[in-house]
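The values are calculated or read from the model by the stated rules, or taken from the named source; none is laboratory data. Here the structure is a predicted model, which is why all the values come from computation and not from measurement. Don't worry about glycine lacking a Cβ; one is built from the backbone with ideal geometry, like all the others, and counts go over all protein chains shown.
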Amino acid sequence: MVALKPTEIESFQKKPPAGASLVLVFGSDEGLVAERGRAIVNAVTGGVDDPFTLVRLAGTDLAGDPSRLVDEALTVSMFGGRRVVWLRDPGRANLLGAVEPLFAIDDLQSLVVIEAGDLKRGTGLRKRFEDHPRAVAIACMADDTAAIGRLIDDEARLAGLAVDPAARHALESLLGADRLASRSEVRKLCLYAHGRGRITEDDVAAIVGDASAFAMDEVVDAVAGGDPETLDSVLTRLEASGTPASVAGTMVIRHFHTLQRARAEMETGQRPDAVVERLQPPVFYKRRPAVVRQLGLWSLPRIDRALGILDEAMVQSRLKPTLASALLSEAFLQLARAARAASSASRR
C-alpha cells in the first residue's frame, strides 16, 4: 500500500480498514504525529483504555527485547475485538528489525500503530511501509496555510465563534510548527472570546501573544536577525513552559527555507519588501521589516550552510534526546552570532 495522500488520511483515521494491519505515522510535526496516531487507535478501541485490547510500548521496551513487538501483535484479545499495539517514543530502538517479522504474517489480526520522527523518503522503515501491501505510511509535515485555516475554522465552529479576517491572518502567520500546540492556542483563544461572538486581532495579541506561538517568532527572529541575548532569554522561557526543543528547531528550519525562497526571488532583481509581502504562508505584518532585514544578512550560500547546521542538530537531538535542548540551543546561538557578525560588517 502506498503512502496515503492528505485527502485520504482523515477517512482512514476515522475507520482504519481491516486489511491494513501495520500503520506508520511519522514526520517533522510531532504534535500532528501524536494526534493522528491517537485518532487511529481510538477509532479501533472506541477510546477505551483496556490493557487486554490496547498495548502501549516505547522504544525502551524493545531495546532489550526486540521480539516483544511481534509477541504482542500475535497475542489474541481475550474478549474478542481487534487488539491494538501502539508503539510511541521509539528512541534509538531498531524499529525495522523489530517490525520486519510482521511483514511476513499474512493474516495478522492485530493493528500495529507506530509513531516515529521525520524519516527520509526511499529509505529504511518508511520505504518498507510504503512498499508493503498491508502497511500504511502517513506523513505528518508542518501544516500549510490551508490546514491551519481548517483547524481555526473547526475549533471556532465548535465554540460558536466567527473569526475576523485580521485575526485569521495573524493566526495563520503564527501557527503551524506543531499541530497540538496550534490546536491548544486556538482553543485558549476560543475560551477567551467565549460569549462575545467573534475572535478579533486584539484577542490574538492578548492570548497568543504571550504563548509559545509568538515566542517561536522571537526565537526565529533572534536567530536569523543576530540577537543572541534575546535568543537566550526566549529559549529559557520556552524550556520552562515545557515546549519541546524540536518544535523550535522545526520553526527555525522552516524560516530558513522561507528565507531561501525569498532570497532566490531577490536574485532575479525583485525588491525585498515586495518579496516578503508575497510570502506564503504570510508573514505577520509586524514582523515584515525584521524579515526584510534578515534577507540582507543571509546570502544563498550562507543559508545553505545554516540549514546544514540545523539539520545536523535536529538529527543529533533525536539520537540524544536528553541533550536535545542543549544541542539545538548551541546551533541557534552559532547562527545568531553569524548573523550579528554579518550585520556589523554591513555597517562598516
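Could you count how many residues in the stretch 21-46 are in a loop (DSSP other than H, G, I, E, B) and buried (at least 18 other Cβ atoms within 10 Å of the Cβ)?
Within the stretch 21-46, residues that are in a loop (DSSP other than H, G, I, E, B) and buried (at least 18 other Cβ atoms within 10 Å of the Cβ) number 4.
Given (1) over 19 Å from Pro66 (Cβ atoms); (2) within 18 Å of the chain's Cα centre (by Cα), identify the lone condition not met by Gly91.
Here Gly91 meets the rest and fails (1).
Is one or more of the residues making up the stretch 221-242 touching a Cys at 6+ places or on another chain (Cβ under 9 Å) and more than 17 Å from Val283 (Cβ to Cβ)? Working first, answer last.
Our first condition is that a residue be touching a Cys at 6+ places or on another chain (Cβ under 9 Å); within the stretch 221-242, this holds for none.
No - not one qualifying residue is present in the stretch 221-242.
Which one of these is within 18 Å of the chain's Cα centre (by Cα), of a type in the set (Lys, Arg) and either surrounded by fewer than 17 Cβ atoms within 10 Å (Cβ to Cβ) or not assigned by TED's automatic domain parsing to the domain that holds Gly117 (or both): Arg237, Arg340, Arg254?
Arg254 is the lone residue from the list that is within 18 Å of the chain's Cα centre (by Cα), of a type in the set (Lys, Arg) and either surrounded by fewer than 17 Cβ atoms within 10 Å (Cβ to Cβ) or not assigned by TED's automatic domain parsing to the domain that holds Gly117 (or both).
What is the one condition in (1) farther than 30 Å from Asp311 by Cβ; (2) buried (at least 19 other Cβ atoms within 10 Å of the Cβ) that Leu108 does not satisfy?
Unmet for Leu108, out of (1) farther than 30 Å from Asp311 by Cβ; (2) buried (at least 19 other Cβ atoms within 10 Å of the Cβ): (2).
Within the stretch 60-87, restricting attention to residues that are of a type outside the set (A, V, I, L, M, F, W, C) and in contact with a Lys or Arg (Cβ under 7 Å, 6 or more places away or on another chain), which residue is surrounded by the most Cβ atoms within 10 Å (Cβ to Cβ)?
Pass one, the stretch 60-87, residues of a type outside the set (A, V, I, L, M, F, W, C): 60-61, 64-68, 71-72, 75, 77, 80-83.
Retained after the next criterion (residues that are in contact with a Lys or Arg (Cβ under 7 Å, 6 or more places away or on another chain)): 61, 75, 77.
On the way: Asp61: 20, Thr75: 14, Ser77: 15.
My answer is Asp61.
Results for (1) crowded, with 17+ Cβ neighbours inside 10 Å; (2) closer than 21 Å to Arg168 by Cβ; (3) more than 22 Å from the chain's Cα centre (by Cα); (4) not assigned by TED's automatic domain parsing to the domain that holds Leu319, shown as yes or no for each residue.
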site	(1), (2), (3), (4)
Thr250	yes, no, no, no
Thr258	yes, yes, no, no
Arg261	no, no, no, no
Glu265	yes, no, yes, no
Glu277	no, yes, yes, no
Gln280	no, yes, no, no
Pro289	no, no, yes, no
Gly296	no, no, yes, no
Ala306	yes, no, no, no
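Counting just the residues of the stretch 1-20 that are part of a loop (DSSP other than H, G, I, E, B) and among the aliphatic types (A, V, I, L, M), which one comes out surrounded by the most Cβ atoms within 10 Å (Cβ to Cβ)? Explain how you work it out, then say what you get.
First, pick out the residues of the stretch 1-20 that are part of a loop (DSSP other than H, G, I, E, B): 1-5, 15-20.
This time we only want the ones that are among the aliphatic types (A, V, I, L, M), so: 1-4, 18, 20.
Numbers: Met1: 17, Val2: 13, Ala3: 17, Leu4: 19, Ala18: 10, Ala20: 16.
Restricting to residues being part of a loop (DSSP other than H, G, I, E, B) and among the aliphatic types (A, V, I, L, M), the top hit is Leu4.
Return the total of residues in the stretch 126-135 being in contact (Cβ under 8 Å) with a residue 60 or more places away in the chain and surrounded by fewer than 20 Cβ atoms within 10 Å (Cβ to Cβ).
4
Of the residues Ala166, Ala181, which single one is out of contact with any Phe, Trp or Tyr (no Cβ under 9 Å at 6 or more places or on another chain) and loosely packed, with under 15 Cβ neighbours inside 10 Å? Please lay out each step first, then the result.
On the way: Ala181 fails: loosely packed, with under 15 Cβ neighbours inside 10 Å.
That would be Ala166, the only listed residue that is out of contact with any Phe, Trp or Tyr (no Cβ under 9 Å at 6 or more places or on another chain) and loosely packed, with under 15 Cβ neighbours inside 10 Å.
Going by the structure shown, is Met1 in contact with a helix residue (DSSP H, G or I) (Cβ under 9 Å, 6 or more places away or on another chain) and at pLDDT below 85?
yes
Could you run through the stretch 136-175 and say how many residues are of a type in the set (Lys, Arg) and touching a residue at least 40 places away in the same chain (Cβ under 8 Å)?
0
Would you be able to tell me the number of residues in the stretch 14-63 that are charged (D, E, K, R) and in contact (Cβ under 8 Å) with a residue 60 or more places away in the chain?
Residues in the stretch 14-63 being charged (D, E, K, R) and in contact (Cβ under 8 Å) with a residue 60 or more places away in the chain: 4 in total.
Taking the stated definitions as given, is Pro272 surrounded by 14 or more Cβ atoms within 10 Å (Cβ to Cβ), under 30 Å from Val33 (Cβ atoms), outside the structural domain of Pro165 (by TED's automatic domain parsing) and not hydroxyl-bearing (Ser, Thr, Tyr)?
no
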